[in-house]
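K.L.:
The structure under discussion is supplied below as structure tokens; questions concerning it will follow.
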Amino acid sequence: MGTYVIRRLLQMIPVILGATFLIFTMVFALPGDPLAGKCGERPCPPAYAAAFREKYNLNDPLPIQYGKYVGNLAQGDFGETTNGIKVIDQLKARYPITAKLALMALAFEAIVGITVGVFTGIKKGGFLDNLVLISTLVVISIPVFVVGGLSQYFLGVKLGLFPVTVTSANPSFYQLMLPAMVLGSISLAYISRLTRTSLVENLRSDYVRTATAKGLRRRRSIGLHALRNSLIPVVTFIGFDFGFLLGGAIVTEAIFNIPGVGGYLFRSIRARDGASVVGTVTVLVIVFLFVNLLVDLLYGLLDPRISHD
Amino acid sequence: MTTTQDTTTPKEKTSGVTYTPEDGLLLEVEDLYVEFHTPDGIATAINGVSFDLHQGESLAILGESGSGKSVTAQAIMGILDMPPAVIPGGHIRYCGQDLLSMPEDQRRRTRGPEVSMIFQDALSSLNPVFPVGWQIAEMFRMHRGVNKSDALQQAIRLMERVQIPAARDRVKAYPHQFSGGMRQRIMIAMAIALDPAVLIADEPTTALDVTVQAQIMALLEELQQERQMGLILITHDLGVVADVADRIAVMYAGRFVEKADVVELYSAPAHPYTRGLLESIPRLDQKGQTLAAIGGLPPNLMRIPPGCPFNPRCRRAEDVCRRDRPELREVVPGRLAACHFAEEVINA
Amino acid sequence: MTDAAVAEVTVAEPRDAGTREEERSLASDAWRALRHNPIFWVSAVLIAVFTLMAIWPSLFTNTDPREAILAESRSRPGDGTWFGRDIQGYDIYARCIYGARASILVGVLTTTMVVVIGGGIGMISGYLGGVWDATFSRIGDIFFSIPLLLGAIIFLSSLPEFFNENYFLVIMKVVLALAFLGWPSLARLMRSSVIQVKPNDYVQAARALGASPSRIIRSHILPNSLAPLIVVATISLGGYIAIEATLSFLGIGLQPPAISWGIDISAAIVGLRTTPHMLFFPSLFLSLAVLGFILMGDAVRDALDPKTR
């Protein structure tokens, strides 16, 4: 297991290097002035432009530019905002809120999605099953910001069940509940469909027949023997989907005015603060890569057939 | 836990229900029918099958794939998928009590402690994500309420009993880490864990190498004699049954076509189908001769031909065979066969 | 969103033979299954209506979507207009109709580019194998490690102002961003199809008989990989429409004066409490458009592979 983690970490290095190079290329090597839009709507003052070129080594050849860029990243230097505040400091203050939101959304989508998937899977072909199959497709089709806007109106403004927007700098569990449900809603539909498909397949398997022949209760045959196997692809999906969750967090935080990383990114885009945008997204991509590593490790724990030697 | 048991005293069960065999009679299957209701029509998989099973007896049910032998086993075990399977008629009595009319929870409690089953493909029949010891121990935990560590100790003893080397070290290993023969031993350990009175083995050696096949059959025979279980051995392989079985029932298109003691059946089959099966076994003393395979295919279970279901493949078939279905009848004392010309076949 | 959609699709089993007759019977089987599926007809009608709307909006309305009647700003549905007016005094119905063009254009152009680029690269790596496969697969891994929405934000925030000059360029910048980041999923799919088909006897026989690579690809590999490609491309098209709207909502995709459902939804969130109709109608149009393509993909997949249900 230990060597496996190390090997996976080593394998991640080229991917991280490649991803940062890609981001670097998009930021600095696309046609156009890298300074464009870095200073809001106005053109940059010459002094700032010179400092910017110096800071991002734009006068060097491309490979050296990239080398220095990665060097800065490795030291935790993700650049500065137009106001001269370090991006990393901004992120440090905000990531706990986003982490809380993302974890709540994950818990919501996993618990509800798996439950729905199990109930439709064991009653395959029934009315509930068909209803869920179609309604999940409808939910998948509604973009997060539409779900967000509509639920904010109906559940927040109309019914008053949830706070409409988050007002505090350190939002409570209750304040984040509706945003988390919105954020988890689309993956929820995917998870319930995937759980259903996977459970239906496993219910036909020989080892579930064995579980019945062992005289186990139906609840145990399904809930433990079949479900344990059905969850393997679901866990993989949740990790794979984490990138979508991060994207959705930007939208959700923008709608509900949550002062997390996503809300910060949203305001940076609006303010055309390029350095903040790039720094924030780079961090999010690296987080995504680590989450995928974690999911791979978890996958090995769930499925002993995957060798980690 | 004792490894041997007194065959006359009833076993104690946590469920409170006790099952006592009368005169050693464990299982009575009477005029059993099983149908599969599919979108294409109704397939009759079992068409009026009857047999008894006594303590310490081993019965082999022999047939080609699709003959209904596995369905019979699954019907006794109560693990058919219903739907699509339907049991429109018949009785399966265990120690005098009809399993088919029993409340599901009571029937469930018989699976494992009373009637137990091992399957053909141990790799797919064992759960891939749980350690083998855990899967054996689950029997003690769920049926007897034994705590986890005691159940695991009992699982280790069982693994030793079925001759798994270094059982104590391998109790936490997963099914895929064992060889095919070892996996089948684990299946057997799990099936005999609660000292069942009836053990059903559905093609237990088909997926294994020939040398391993012999070892597994020897183990099954040993365990059966040690515990005086009633053993139902489902197989398509005449060679496998010869040493282990006492009686053989030959199945064709959902019916028994012949029932006999194993020695008598081998020396003089009373049904052309059985004869065909025996002739299709390669024999060392007939080297150089052509193997006599049975021509044709078993009938489609949705369209079983009128008359004798075997008539399209039978070399002896005459008009009566195409018209009247022969009943299973006593040909000579102790020998049953369903053939209009059974007397001629047995003396041929 | 598209990533998630792709995850659900598995590559269909390769067929035993690639002869014309079998192709025809498989296609006609699928068509028979499709014809009896009401979901297919619902999605076909949705797609047809939105496509017509995109090509010929004046068929649906005579109102100019840029005609601002400020005096009637925020008027409710029924007060002279079907869907009411927004803050600028624009007719919401007209804007919903004209908004279809951007969505459909982005969806269709992105899907075309992704299919051509991803399909081509997947074909090359699957067919040639070796160094080509290794190189493209690693590059694909790197692109895959960047979540689509996050990558698109960086890409778009770095593009020069030049791309905001006219309608076509604004559309193209979003298309470029999505295609640049979205091709690996199609490439993976194509690669696995090719690898499944290639070792089959009839392909080997064709090679032994001296058929050229282009002929083998055209007559054996394409027919077998086309079905999963069509399914994924259709579902992805819906996903790209959703992402375009999300990007426009965040203020980084299409910019006014371009008309987009995402922009209108973004503007409507502000006035949520008093004028919910401004949010509701563009949301409905957007979700129905996405739903049309996702339902279509789902129906086609079911028709091609009845096992999935």
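K.L.:
Which condition number in (1) outside any helix (DSSP H, G or I); (2) in contact with a Lys or Arg (Cβ under 9 Å, 6 or more places away or on another chain); (3) without any contact (Cβ under 8 Å) to a residue 24 or more places away in the chain is the one that residue B:130 fails?
P.N.:
(3)
K.L.:
Also: Sort through A:191, A:142 and tell me the only one that's under 30 Å from residue C:286 (Cβ atoms), out of contact with any Asp or Glu (no Cβ under 6 Å at 6 or more places or on another chain), β-branched (Val, Ile, Thr) and more than 14 Å from chain B (Cβ to nearest Cβ).
P.N.:
Step by step, each of A:191, A:142 is checked, and only A:142 is under 30 Å from residue C:286 (Cβ atoms), out of contact with any Asp or Glu (no Cβ under 6 Å at 6 or more places or on another chain), β-branched (Val, Ile, Thr) and more than 14 Å from chain B (Cβ to nearest Cβ).
K.L.:
Quick check on residue C:266: is it at the interface with chain A (Cβ under 10 Å from one of its Cβ atoms), crowded, with 17+ Cβ neighbours inside 10 Å and hydroxyl-bearing (Ser, Thr, Tyr)?
P.N.:
Yes, satisfied.
K.L.:
While we're on this one: Take residue C:184 and decide whether it is away from chain A (no Cβ under 13 Å) and either at pLDDT below 85 or crowded, with 21+ Cβ neighbours inside 10 Å (or both).
P.N.:
Taking the combined requirement at face value, the residue does not satisfy it.
K.L.:
Looking at (1) of a type in the set (Val, Ile, Thr); (2) at the interface with chain C (Cβ under 9 Å from one of its Cβ atoms); (3) surrounded by 21 or more Cβ atoms within 10 Å (Cβ to Cβ), which one does residue A:236 not meet, given that it meets all the others?
P.N.:
(3)
K.L.:
Inspect the range B:79-101 for any residue being farther than 19 Å from residue B:189 by Cβ, in a helix (DSSP H, G or I) and not acidic (Asp, Glu) and give the result as yes or no.
P.N.:
No: the range B:79-101 contains no residue that is farther than 19 Å from residue B:189 by Cβ, in a helix (DSSP H, G or I) and not acidic (Asp, Glu).
K.L.:
State which residue is nearest to residue B:149 (Cα to Cα) when the search covers only the range B:168-192 and only residues that are within 18 Å of the chain's Cα centre (by Cα) and among the small types (Gly, Ala, Ser).
P.N.:
Checking each candidate, the answer is B:189.
K.L.:
Condition first: in contact with a Lys or Arg (Cβ under 9 Å, 6 or more places away or on another chain) and of a type outside the set (Gly, Ala, Ser). Now tell me which residues in the range B:305-324 satisfy that.
P.N.:
The answer is B:305, B:306, B:308, B:309, B:311, B:312.
K.L.:
Can you tell me which of (1) assigned to a helix (DSSP H, G or I); (2) within 14 Å of chain A (Cβ to nearest Cβ); (3) aliphatic (A, V, I, L, M); (4) surrounded by 22 or more Cβ atoms within 10 Å (Cβ to Cβ) is the one residue C:176 doesn't meet?
P.N.:
Only one criterion is unmet by residue C:176, namely (4).
K.L.:
Which helices (runs of 4 or more DSSP H) sit wholly inside the range A:95-204 and have at least 2 residues that are among the hydroxyl-bearing types (Ser, Thr, Tyr)?
P.N.:
Passing ranges, in order: A:127-141, A:173-203.
K.L.:
In the range C:4-40, which residues are modelled with pLDDT of 70 or more and away from chain A (no Cβ under 14 Å)?
P.N.:
Passing the criteria: C:27, C:28, C:29, C:30, C:31, C:32, C:33, C:34, C:35, C:36.
K.L.:
For residues that are surrounded by 16 or more Cβ atoms within 10 Å (Cβ to Cβ) and either free of Cβ contacts under 8 Å to residues at least 40 places away in the same chain or touching a Leu at 6+ places or on another chain (Cβ under 6 Å) (or both), tally how many sit in the range B:26-43.
P.N.:
So the answer is 3.
K.L.:
Turning to a different aspect of this structure: So which residues in the range B:164-189 are surrounded by fewer than 14 Cβ atoms within 10 Å (Cβ to Cβ) and among the polar types (S, T, N, Q)?
P.N.:
Passing the criteria: only B:179.
K.L.:
Right, something else. Go through the range A:240-259 and count every residue that is at positive phi and either at the interface with chain C (Cβ under 7 Å from one of its Cβ atoms) or buried (at least 24 other Cβ atoms within 10 Å of the Cβ) (or both).
P.N.:
Count: 0.
K.L.:
Only one residue in A:268, A:230, A:276 is under 22 Å from residue A:306 (Cα atoms) and assigned to a helix (DSSP H, G or I). Which one?
P.N.:
A:230
K.L.:
If residue C:167 satisfies all but one of (1) more than 17 Å from residue C:113 (Cα to Cα); (2) within 14 Å of another protein chain (Cβ to nearest Cβ); (3) not polar (S, T, N, Q), what's the number of the condition it fails?
P.N.:
(2)
K.L.:
Among (1) closer than 18 Å to residue C:155 by Cα; (2) part of a helix (DSSP H, G or I); (3) at pLDDT below 75, where does residue A:25 come up short?
P.N.:
(3)
The values are calculated or read from the model by the stated rules, or taken from the named source; none is laboratory data. Because the structure is predicted, anything quoted here is derived from the model rather than measured. Backbone-built Cβ (ideal geometry, glycine too); neighbour counts: all protein chains shown.
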